[in-house]
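Chemist: This is the structure I want to talk about, given as structure tokens.
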Amino acid sequence: MKRAMILVMMFALTGMLLAACGGSNGGAPANQPPQTNKEDGTNSKPEGEQVKLKFFSALADRSNGPGKIEQNLIDAYMKENPNVKIEVEALQDEPYKAKMKVYASSNDIPDIVQSWGQASFIKPLIDAGLMLELNEADFASSKFVPGATDGFSQDGKLYGLPRNTDFFVIYYNKKLFEDHGVKVPETTQELKAAAEAFRKAGINPIASNGMEGWSLPIWFEYVAQRHNGDFNQMDAVLNGEAAFSGNADFLAAATEMQEFAVIKGLADGFITADYGTSRNMFGQGQAAMFLMGNWEAGLATDENFPEEFRNNVGAIPYPASDKGKTTDVAAWFGGGYSVAKNSKHPEEAVKFLQYFFAPENWAKQLWQTGSGTPAQNFDEFLTGSESELQKQLIGIFSSITSSSGTPVQDNGTDEFKTKVMEAHQNLLSQLITPEAFLKELDAAVALIK
């Protein structure tokens with residue numbers, strides 16, 4: 001099942017934490033030449049030849065977090081290789097994917113593109129012959145954790161590299177909880193009670209980027225698991241072995257989610273809020289909680305937010321129920337990079353990715369800036385001075401006993417994904433009943449059977 005790779009990663013991280021007793025500043029950035037698939041074993045480009053690479057990213061924010069690290073590494077690479085110019089185009093997730101369709105339809109894909117190791121994104125590109133097969137040996141020194149590249153592989157061939165490990169948590173503002181005497185929730189009932197208490201106090205309970213839609217199905221996976229005790233029940237539906245409709249647990253989960261909307265447990269305007277809006281609402285102390293991924297460890301260090309907030313942001317696992325534990329976590333391997341098969345400079349593109357994924361580059365910076373959890377071993381970069389928020393996030397991940405794997409909306413076609421996200425938006429907008437919501441999900445699944 002898709003859960004296995006996450007559990008392997010969990011055990012690896014547990015070992016890292018036990019081994020961490022001090023810091024490591026790492027070495028100078030690596031810049032090793034790639035192996036080549038050419039028959040003569042040589043790189044055909046003369047040294048110093050001017051090369052231009054187009055780099056297409058879904059990390060739209062280039063001044064904070066992963067986007068800033070990505071840009072810094074691109075700039076550093078160009079400085080060390082003055083004959084290489086890397087032109088960056090960066091868009092938010094959904095606009096990015098729409099633009100990628102345009103590039104793919106004209107077979108004009110940029111040299112290096114962000115890809116996701118999910119059937120809904122990378123498989124059509126591989127099947128169309130648009131992605132370059134990568135040589136695993138070229139990245140042996142990158143130290144990817146076991147299973148990390150599985151989603152980027154097809155028929156035993158590698159077509160992409162994962163950038164990070166993702167899992168969903170609840171971030172919370174400790175001071176708001178303390179000031180209003182609200183208990184930090186350990187159960188799903190306490191989460192609802194906390195939402196009601198904050199709404200009564202005139203504070204937005206949970207910030208969410210409802211407009212973009214992709215986070216809502218991940219939330220549903222959590223709520224459903226807390227009712228049925230098994231993330232695999234979702235897989236059974238996706239595999240055509242069961243249905244959403246007629247299932248009492250899925251109905252209870254849909255009803256519970258809609259109740260959050262009814263009691264205004266979600267922030268005002270959540271259905272029209274994008275990622276940046278919801279994040280800023282939480283960071284400015286205008287919401288008590290934020291349902292989002294571990295890549296937001298940088299909330300504790302982001303100077304765009306008040307010091308009071310940075311000193312009081314914490315993370316907890318999604319609350320438990322009588323069937324689902326806090327150690328049952330929505331977790332998966334996140335986005336990464338692929339090289340276009342039609343690239344005019346494939347060797348240089350591979351060479352850049354080797355540089356990017358040298359552990360002392362991406363993995364070190366991602367972890368030490370609190371911007372996320374790499375898909376590479378990073379135990380040598382634990383400093384011993386991690387923020388409390390980072391420690392909480394790794395504690396959550398290291399305790400996993402079961403995981404969701406690829407988010408439900410990313411298990412099918414683009415049409416499937418759109419219908420799944422719209423169903424969740426309609427449910428939380430109270431435009432449809434929980435029963436109708438399940439029927440809409442079944443209609444979406446019918447598209448991929």
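The values are calculated or read from the model by the stated rules, or taken from the named source; none is laboratory data. Keep in mind the model is a prediction, meaning the values are calculated, not measured. Quick reminder, even Gly has a Cβ in these numbers, built from the backbone with ideal geometry, and neighbours come from all protein chains shown. What goes into the accessible areas is simple: the full protein's heavy atoms, side chains included, and nothing from ligands, DNA or RNA. Shrake-Rupley method; radii C 1.70, N 1.55, O 1.52, S 1.80 Å.
Chemist: From the residues in the stretch 142-195 that are within 18 Å of LEU132 (Cα to Cα) and part of a helix (DSSP H, G or I), which one is least open to solvent (accessible area, probe 1.4 Å)?
Modeler: Going through the stretch 142-195, the residues within 18 Å of LEU132 (Cα to Cα) turn out to be 149-163.
Applying the additional criterion that residues be part of a helix (DSSP H, G or I) yields 150-152.
Details: ASP150: 86, GLY151: 28, PHE152: 3 Å².
Ranking the qualifying residues of the stretch 142-195, first place goes to PHE152.
Chemist: State which residue is nearest to MET78 (Cα to Cα) when the search covers only the stretch 318-336 and only residues that are touching a Gly at 6+ places or on another chain (Cβ under 6 Å) and not hydrophobic (A, V, I, L, M, F, W, C).
Modeler: Across the stretch 318-336, the extreme among qualifying residues is GLY336.
Chemist: Only residues that are under 19 Å from TYR171 (Cβ atoms) and in contact with a Leu (Cβ under 9 Å, 6 or more places away or on another chain): list them for the stretch 332-368, please. So that I can check it myself, show each step before the final result.
Modeler: Just the residues of the stretch 332-368 that are under 19 Å from TYR171 (Cβ atoms), to begin with: 332, 334, 366-367.
Result: TRP367, single match.
Yes/no per residue for (1) open to solvent by 30 Å² or more (accessible area, probe 1.4 Å); (2) at pLDDT 50 or above; (3) of a type in the set (D, E, K, R):
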position	(1), (2), (3)
GLY26	yes, no, no
PRO29	yes, no, no
ALA58	no, yes, no
ASN64	yes, yes, no
ASP75	yes, yes, yes
LYS79	yes, yes, yes
TRP116	no, yes, no
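Chemist: Which ranges mark the strands (runs of 3 or more DSSP E) fully within the stretch 279-375 that have 1 or more residues being in contact (Cβ under 8 Å) with a residue 40 or more places away in the chain and open to solvent by 10 Å² or more (accessible area, probe 1.4 Å)? It would help to see each step written out before you state the result.
Modeler: Values: elements: 287-293, 313-316, 331-333, 335-339.
Ranges flagged: 287-293, 313-316, 331-333.
One line per residue, one yes/no per condition, for (1) without any contact (Cβ under 8 Å) to a residue 40 or more places away in the chain; (2) of a type in the set (Gly, Ala, Ser); (3) farther than 19 Å from GLY151 by Cα:
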{"site": "ALA104", "(1), (2), (3)": "yes, yes, yes"}
{"site": "ASP111", "(1), (2), (3)": "no, no, yes"}
{"site": "ALA119", "(1), (2), (3)": "no, yes, no"}
{"site": "ILE122", "(1), (2), (3)": "no, no, no"}
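Chemist: Still on this model: Mind listing just one residue for me: the one in the stretch 376-401 that is open to solvent by 30 Å² or more (accessible area, probe 1.4 Å) and under 28 Å from ALA253 (Cβ atoms) and, of those, modelled with the highest pLDDT?
Modeler: For the stretch 376-401, the residue satisfying everything is GLN392.
Chemist: Can you name every residue in the stretch 243-275 that is surrounded by 17 or more Cβ atoms within 10 Å (Cβ to Cβ), out of contact with any Ser or Thr (no Cβ under 6 Å at 6 or more places or on another chain) and of a type in the set (A, V, I, L, M, F, W, C)?
Modeler: Once the filter is applied, which keeps residues that are surrounded by 17 or more Cβ atoms within 10 Å (Cβ to Cβ), out of contact with any Ser or Thr (no Cβ under 6 Å at 6 or more places or on another chain) and of a type in the set (A, V, I, L, M, F, W, C), the stretch 243-275 yields PHE244, PHE250, LEU251, ALA253, ALA254, MET257, PHE260, ALA267, ALA273.
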